[in-house]
Every structure is written in C-alpha cells, then in structure tokens.
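Here is the structure we will look at, set down as structure tokens.
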There are 2 protein chains.
Amino acid sequence: MEIQWQKIFLPEIKELIENKDFRGLRSFLRELHPADIVDILRELDPTERVMSFRLLDKDKISEVFALFEYTEQEELLKQFTEHHTKEILTQMQPDDRTQLFDELPAHIVEKLLKLLPPEEWKEANELLNYPDNSAGRIMTPEYVDLQTDMTIGKALEHIRQTGPDRETIYICYIVDETKRLRGVTTLKNIILASTDQFIRDIMNENVIYVRTTDDQESVAQVVQKYDFLAVPVVDHEDRLVGIVTVDDILDVVQEEVTEDFQKMAGIQTIEEEYFRIGFLRCVSNRIPWLVVLVIAATISQTILRNYSGILSSAIALTYFIPMLTGSGGNTGSQSSTLIIRALATGEVKSKEWWYIIVRELKVGIALGFIMGFTAFIIAIISLGQTATSLTVGISLFTVVCVGNIVGVAIPLFFRFVRLDPAFVSAPLIATLLDATGLVIYFEIARRILTITAS
Amino acid sequence: MEIQWQKIFLPEIKELIENKDFRGLRSFLRELHPADIVDILRELDPTERVMSFRLLDKDKISEVFALFEYTEQEELLKQFTEHHTKEILTQMQPDDRTQLFDELPAHIVEKLLKLLPPEEWKEANELLNYPDNSAGRIMTPEYVDLQTDMTIGKALEHIRQTGPDRETIYICYIVDETKRLRGVTTLKNIILASTDQFIRDIMNENVIYVRTTDDQESVAQVVQKYDFLAVPVVDHEDRLVGIVTVDDILDVVQEEVTEDFQKMAGIQTIEEEYFRIGFLRCVSNRIPWLVVLVIAATISQTILRNYSGILSSAIALTYFIPMLTGSGGNTGSQSSTLIIRALATGEVKSKEWWYIIVRELKVGIALGFIMGFTAFIIAIISLGQTATSLTVGISLFTVVCVGNIVGVAIPLFFRFVRLDPAFVSAPLIATLLDATGLVIYFEIARRILTITAS
C-alpha cells in the first residue's frame, strides 16, 4: 500500500505553521523522508512552501529540492536569495543538477552556473556537454575508486573517508593511475574478505561498462540484464568518468515508457506530469498527427469517390465500412503493439524480420478467418444478401491479414531506417488501413457482385 | 551499448565443445556473467546446452538457471537427473524459485517440492500461498536482521557470518524478539559509524514497508518514490517476513508496462517473450476483443441503415465517413493514453475527475476547431458543395470534442469501479466513437441539408 503521508501529516503541518511554531515544524520535517516532504510541500500555498522549505536541515534541503519537477524547481528558485540558491546548487548531486539545468532556459542556466564554486562549475559544464539522453547526462562523477594494490583494510578506510559524499559505496571501481577502469568489486566482497587481502584478489576484471555517448535506454537495458546497482561510464579514452545508479534507471525506464505510450498514440513527447502540462502545449503536442491524419483520410475519401458507382448501386456495402476499416485498424494496432514492445525490451531484433512476418502472416490468417466468418454471419442475418455478405466476409478476412502484417512491417521498417518504432502509432496504422481496406473491399465487391449478377 | 557477448564468444564455445575440451569450457564459462551465459546457452542446441550447463560452477548454476524463462526452465528440468534438480532447486534464491513454481503445472510443482529439504520446503510452500502478483510472491525471506542493542562491531560480525546467503546486505532491518520491524539502517551507516556505537543510534525508526498482500505494482511505486534498494515486507501481524529488492522491481515495472501496452491494444496478457508465445496462445489471446469489436460494429451498421435515406440522396456524405470516425478514434486514443498512463504512474487520482473532464473539454474544443476547419477546407476544395462541407466540418468538430471526453471518461469510470483503466483499449474507444460519430454526422447532415434545401 502506498500510504498517503501528506494527507495524514498535512493538518498537523498546517497547524504548526498557523501557530508559527517553527521549531516544532523543523523537528517534524526532520523525521520525514524527502519524498514525503515533497508531497507535503506541494499541498501548501507558495509562501508556506518557501517558508517550510527554508526550515529543512542543510543536508536534506538539496535532496528535497532535487525531487521536485523542474517547473516547480524553477518557481522555487525565483523565490530564493542568491545565497540560498548557491548553497542548494552546490550541495545537489551532480546528476540531479544536470537534470535541472537540462530543462531550464539557457540564460537562467548561465546565471546559475556562475554561482557555483570553480570545481563544481567545471563538473556541471562537462556533464552538460554530453548529448541529450546519453549516459553522460544521467551519470554522477561521485563514485568510489580503489587501486589494485590496496589492502582490504586500506580500502575500507578510503571508503569511510570518501563515502559520505558518494552516490553509492556498494559498488567500487578499481582504476589505474590514468583513470582507466581495471576492475570492479562490491562492498559485500570487501566486508566478507579478510583485512590482509588485496583488492586485486577480490576484484572482477571483466567489467561491464557503458560509454558516455550511449543512449540512456541502452544503459537501462544493461542495468536490467545484469541486475546491477550501478554501471560504470567511460569516455572515449576508456577512462572512468562516472556511474549511473539503479534508482536513476527506474526513472529512465518510466520516462521512456511514457514516451513510447505517447508516441504510439500519436502525441509528441510531453515530459511533464499530467496536471503540469500547459493548455497550449497540450494542444500543440497533440494536433500535428491529428491534422496529418485528417489530411491523410483524403485518400479514403478519394477511393470512395472512385467507387461511387458500385456504392450507389449497392448502398448496403456502405453499412459495413466502419466494421471493415475498424477491424483492420484493431488487428494492426495489436500486432504493432506486440512488436514495438518486443523491440523496445530487446526481445526481438529487427534482423529477425523474416520470422516475424511469416509468423504474423499465419496468425493473421487465423484471426482473419474467425473474424471474417463472424462478419459473414452478421451480414447474412441482418441483410440476407449472400453476395454482399460474402463480400463482407472475404474482405474482412483479407483486411485482417493485411492489417496484421502492416502492423509489424512498419515498426520493423522504422527500426531498420533507425527511426523509433514507437512512432508507429495506432492512429497511423488505422488511417493507412482505412484506405487499404476500402480498396480491398470494393475490388472484392466488384468481382463478386459481377459474378453473381451475371 | 549493449555488447552482444554471445555473438563474440559463441564460435569459441562451439569450438571448445567440438574439441571436447571440457576443462577449457569450464574455465571459459567461469569468467562470464550469468546473464551472458544464458544468452550463450540459448544459442546452443539442446544437448550442447545441457552439457555446458552441467559444467558450470556450483554456485553459478542456480543463478544461471534462474535467469531462463520458465518455459526454458521446464525444458531443462526434464533433462536433469533428480539429484541435479534437487541441488539446483535447493540453491536457488527463494524468490526465483517461487517464480518458477508459479508458472509450472501443479503436478510438477508437487514433485519438485518433495525434492526440497524440510526447511526449504516449508519456506517455498509459504511463499506460494500468497496471492498472485502480491508482495509475498516476489519477496525473499533472505534479509539481514539486526537487534537494537547490537554494537556496530557485533553487527558487522553478524553480517559477515550471514551475508553470503543474503539477497542484499546493504539494507539491514532491525527486529525485536517477536520479529516485529523496529528500524532500518544501511551498510553505509554501519561502515561510517564507529565500532562502539549501537545499532539503535544509527537506525531510522520511521520504516516504510509494504504488506505481503499488497499488489506488486504498489510495491514498485514505493521503491520508485523513495529510491529504495529494497523494501521490507510485513505480514498481518506486523512481523518482518521478507524483502523485495530493486532488481526485482525493475522486472515488475517492465512486466506491468508490457501488460498495460497489451491491454490497451485489446490483447489479453501474454507474459512470454515474443518468440516464445505459441501460435494458438497468440491467436486465442488476441481474438476475443477483435470478435467483440466486429460484433460491436453492428451498431454502426444499424445506424448507417437507419440513415440510408440521407445516404442515397447525398452519396458524397459517405466519402467522409472514414475521416470522421477515424478522427474521433484518434483523438479519443490520445486522451485515453494520457490519462491511463497518468493513472498508472499515480500522477492523477480518479477523484480529480472533474478537473480532468473540464480540462479535456477545453482541449477537445481547440483540437476540434482546428481539425474541423481543416476538414471543411478539404471538403470544399474536393467537392465544392458548401452544405456538405459545412456538415463535414461541424461534425468533425463535434466528434473530436466528444471523442476527447470519452477517451478520459471511460478510463476514469473503470478506475472508479476498480477495473484496470488500461483495459480501455484504443480499439474499444475507436469502435464506440465510430457509432457515436455516425449519429452525430447524420443528425447534423439532416439539419444542414434541410436548411440549405429549403
């Protein structure tokens, strides 16, 4: 059960604020987890929020700040003094800071960067120079590094000294004097070893790593495959420059999934939470595909006009257009969803395309047969015309087969030309299949109706 | 970059097998990560696979075995001797074992359970008694437990002794003599503390936990919210019975997401990887919704028949049917995707339904205006008939507004009656909107065409 802490604590907090019992509020907040504090602060009005925020302990303040959405962070920053801003930014984890800078307008980032001490400024600048959505952008340079010739005792001492600042101390990386990655070990191995052993005795030399320029999605795949708590990131000269931890990977996975969901519904990526999306942004990110598809539907319209002869002579054909185009679209969106998801999780590779096509052809035939037969029965019951019913049944069968193949073929093609398969939205498939389905329908109708008429 | 180890190592492995160099193979496999061994074994033929499998080190064998899909595990088990099976099952992590038993047929599980030593047998049975997809099913009872009055030195000694078997030693739970959860601390805190401090000095008493019966999805939400490496699981008497670790949460997230994708495409949940889904299972899990939607399309057909008078007098109306029904469906699947995802990640709660409806009404009006206007222009260019074009434009506007609201209303309603909103598939929305759209279209057409005719 996710407990709604903010609902339980909010009245108490409100009371403390009303009574101006800042000491009480401060010790109350001290007991809470940063993630819960964020939930509570969100429920307060802006002045109360900034006030409570300032009461937080120094070591907690940057942690809480990092957990807000960047739009909220921007709002908060506006209300802080320069001194306060400087303090928070300096104390923030480098990866959280990069994420904030990532989203803020360039002129604000420039101002904020100037507030940082030289060391931090250099680091922040370097991180911001890595490509968007790359390992470099989500990594933190705060890892524990050890040397091969350290004894376990020495290593533990080193961890005790540097540990408090590090993102994780559970995975330790062994580097040589040129910062090249030589091995990896865990705190578990170190704890279980005897103090006179050397790090080289317990380290694993086959280190699995990612590069700064690797996409965050492939970093997530590595962490998931190997059940890592962290993965090391090396630069183009094989030097260890940072690590990505599993908690950030969970965020990456959720972000990528939301993006895929949106793309598959024909929406341009919206990163904000639902209620934080501005009205205009919501409209502008949804409208492009919708309009494109309205225009694309002109193809269906043209097809229908071309067949208006058959249409007016057999108006009953019209009745089944929604069933026919709908079924094509439904089947296509099923098969495209299966394949897009399988490509995203790495279950299938695009070079296996031939097996996939053959497989979906077989499945399509089975689905088409069942659906076509159902449609035929429906048509014969409601219309009683064998020729039209036969046309409906056979057309539905064909459209479903085609739809099923198109549904996998387009995502595979997208992957092949290095576009994201998730861009193949259900709306796109449906619109394509509307047009295809109509041509199939009328061509079959023309043949069957001619035969039965003669 | 995910490196394709299996492609690099496969030829070498094949050669070692061919030369019957088992010693070489054994030491080769020793160097590899279990996840990579799985990838390599998958590429071998069945006899080679079982043979290489048996060469694995004892401590690695159950780990590698656990990483296979359960269908593959079943295959492998068939080829093992009873002794071998017993060894692997006894050494497997309890949570991995539960997952395997979960999927195997009952009579096989019964046989396998009998192979376990009494202690393990009891544990496995208990875990299997928790509800499907609950925290109890995915947890492991192998955590590190400490007592409040232990010194840091004593605690470290305890960790050194019990650690090797534990799923994680990085998060330690403090329990009293009745096994009730009293606090939590991390190995980091322990390492950084001085050896004469007591555990109670460094533990956090505000432990965030889940219950055995909680759904795995809400467990995932807790781990994500608090960036936990593990979350403790307590039974109905508040006793600590296990932990769920973050690596299992990553799997849960992926599994739940795949499920949502499938539901939203109108597919009954398929848990296997794409290529491991049997043909019949693939068809049978996809066909129900497809057939339901074919039957549901009968409504559209009936509507079209009812309006066949208008249809035959203004055949041009037919041309725009795909554009109209398509746009309604597209808009509806966009808004339903946004809301389903926001509900799944907990960004919005269903009690905020009124804000959501108002918001989507506004967005729908904006989208509808732009799309309706586009459609009007297209119609006037291609047809030149003002009345029909006006009908198309106004209808499209109305259908888009309705579609946008329906897209959020149904998922919200589903959540309200405690069904999974993800069951609201794009196909379902599209089919519903086909019928609604047609009624709107012809009602508007009848009015406009009557006015312009008089």
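The values are calculated or read from the model by the stated rules, or taken from the named source; none is laboratory data. None of the values given here were measured: they were computed from a predicted structure. Because the Cβ atoms are built from the backbone with ideal geometry, glycine has one as well, and the counts that use them run over all protein chains shown.
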Inset, instruction - Identify the single condition in (1) over 24 Å from A:V246 (Cα atoms); (2) assigned to a helix (DSSP H, G or I) that A:T148 does not satisfy, given that it satisfies every other one. - result: (2)
Inset, instruction - Could you please give the count of residues in the stretch A:26-42 that are exposed (fewer than 14 other Cβ atoms within 10 Å of the Cβ) and either assigned to a helix (DSSP H, G or I) or in contact with an Asp or Glu (Cβ under 6 Å, 6 or more places away or on another chain) (or both)? - result: 3
Legend entry - Pairs, first away from chain B (no Cβ under 11 Å) in the stretch A:415-437, second surrounded by fewer than 24 Cβ atoms within 10 Å (Cβ to Cβ) and outside any helix (DSSP H, G or I), C-beta under 7 Å, six or more apart: none
Inset, instruction - Scan A:V417, A:V439, A:V406, A:V400 and give me the residue that is aliphatic (A, V, I, L, M), surrounded by fewer than 21 Cβ atoms within 10 Å (Cβ to Cβ) and at pLDDT 90 or above. - result: A:V439
Legend entry - Residue count, the stretch B:348-404 (criterion: more than 10 Å from every other protein chain (Cβ to nearest Cβ) and in contact with a Lys or Arg (Cβ under 7 Å, 6 or more places away or on another chain)): 1
Inset, instruction - With the condition kept exactly as written, say whether any residue in the stretch B:119-130 is over 30 Å from the mean Cα position of the chain (by Cα) and either outside the structural domain of B:I199 (by TED's automatic domain parsing) or within 28 Å of B:E48 (Cα to Cα) (or both). - result: yes
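Being touching a helix residue (DSSP H, G or I) at 6+ places or on another chain (Cβ under 6 Å), over 30 Å from B:V439 (Cα atoms) and not assigned by TED's automatic domain parsing to the domain that holds B:R447 narrows it down to one of B:V257, B:V283, B:V241, B:V234, so name that one. Talk me through it step by step, then tell me what you get.
Values: B:V283 fails: not assigned by TED's automatic domain parsing to the domain that holds B:R447; B:V241 fails: touching a helix residue (DSSP H, G or I) at 6+ places or on another chain (Cβ under 6 Å); B:V234 fails: touching a helix residue (DSSP H, G or I) at 6+ places or on another chain (Cβ under 6 Å).
Of B:V257, B:V283, B:V241, B:V234, the one residue that is touching a helix residue (DSSP H, G or I) at 6+ places or on another chain (Cβ under 6 Å), over 30 Å from B:V439 (Cα atoms) and not assigned by TED's automatic domain parsing to the domain that holds B:R447 is B:V257.
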Inset, instruction - For the stretch B:61-73, state whether one or more residues are farther than 30 Å from B:A230 by Cα, under 31 Å from the mean Cα position of the chain (by Cα) and outside the structural domain of B:A230 (by TED's automatic domain parsing). - result: no
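I'm trying to understand the selection: among the residues of the stretch A:387-397, which are more than 17 Å from B:T298 (Cβ to Cβ) and surrounded by 24 or more Cβ atoms within 10 Å (Cβ to Cβ)?
Initial filter on the stretch A:387-397 (more than 17 Å from B:T298 (Cβ to Cβ)): A:387, A:390, A:394, A:397.
Result: A:F397, single match.
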Legend entry - Of all residues in the stretch B:259-296 being at pLDDT below 85 and β-branched (V, I, T), the one that is surrounded by the most Cβ atoms within 10 Å (Cβ to Cβ): B:I267
Inset, instruction - Report, by residue number, each residue of the stretch A:350-387 that is touching a residue at least 12 places away in the same chain (Cβ under 8 Å) and among the charged types (D, E, K, R). - result: A:E360
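Here is a check on your reading of the model: is A:L128 among the hydrophobic types (A, V, I, L, M, F, W, C), modelled with pLDDT of 90 or more and surrounded by 15 or more Cβ atoms within 10 Å (Cβ to Cβ)?
Details: among the hydrophobic types (A, V, I, L, M, F, W, C): yes; modelled with pLDDT of 90 or more: no; surrounded by 15 or more Cβ atoms within 10 Å (Cβ to Cβ): yes.
Answer is no for this residue.
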Inset, instruction - Any residue in the stretch B:23-41 that's away from every other protein chain (no Cβ under 13 Å) and within 13 Å of B:K60 (Cβ to Cβ): show its pairings with residues that are surrounded by 20 or more Cβ atoms within 10 Å (Cβ to Cβ) and modelled with pLDDT of 90 or more at Cβ separation under 9 Å, as long as the two are six or more apart or on different chains. - result: B:L41/B:V64
Legend entry - Failed criterion for A:T337 (all others in (1) in contact (Cβ under 8 Å) with a residue 40 or more places away in the chain; (2) farther than 26 Å from B:E259 by Cα hold): (2)
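Being polar (S, T, N, Q), closer than 27 Å to B:E63 by Cβ and part of a loop (DSSP other than H, G, I, E, B) is the filter here; which residues of the stretch B:158-184 pass it? Spell out how you get there, then give the answer.
The first filter runs over the stretch B:158-184 and keeps only residues polar (S, T, N, Q), leaving B:161-162, B:168, B:178.
Remaining after also requiring closer than 27 Å to B:E63 by Cβ: B:161-162, B:168.
Within the stretch B:158-184, just B:T168 meets the criteria.
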Legend entry - Long-range neighbours under 7 Å by Cβ, at least six apart or interchain, first residue within 11 Å of chain A (Cβ to nearest Cβ) within the stretch B:150-178, second among the hydroxyl-bearing types (S, T, Y) and in a loop (DSSP other than H, G, I, E, B): B:R166/B:Y143; B:E167/B:Y143; B:Y170/A:Y170
Legend entry - Matching residues in the stretch B:185-211 - criterion: being closer than 28 Å to B:S134 by Cβ, part of a loop (DSSP other than H, G, I, E, B) and away from every other protein chain (no Cβ under 11 Å): B:M203
Legend entry - Unique match (being among the hydroxyl-bearing types (S, T, Y), surrounded by fewer than 24 Cβ atoms within 10 Å (Cβ to Cβ) and within 22 Å of A:M264 (Cα to Cα)) among B:T345, B:T337: B:T345
Inset, instruction - For the stretch A:238-270, name all the residues that are more than 8 Å from chain B (Cβ to nearest Cβ), free of Cβ contacts under 8 Å to residues at least 40 places away in the same chain and of a type in the set (D, E). - result: A:E255
Legend entry - Residue pairs meeting the criteria (Cβ under 8 Å; at least 6 apart or on separate chains; first at the interface with chain B (Cβ under 7 Å from one of its Cβ atoms), in the stretch A:315-333; second outside any helix (DSSP H, G or I)): A:Y319/A:L383; A:N330/B:G266; A:S333/B:A265; A:S333/B:G266
Inset, instruction - Would you confirm whether any residue within the stretch A:15-25 is on the phi > 0 side of the Ramachandran plot, modelled with pLDDT of 85 or more and surrounded by fewer than 18 Cβ atoms within 10 Å (Cβ to Cβ)? - result: yes
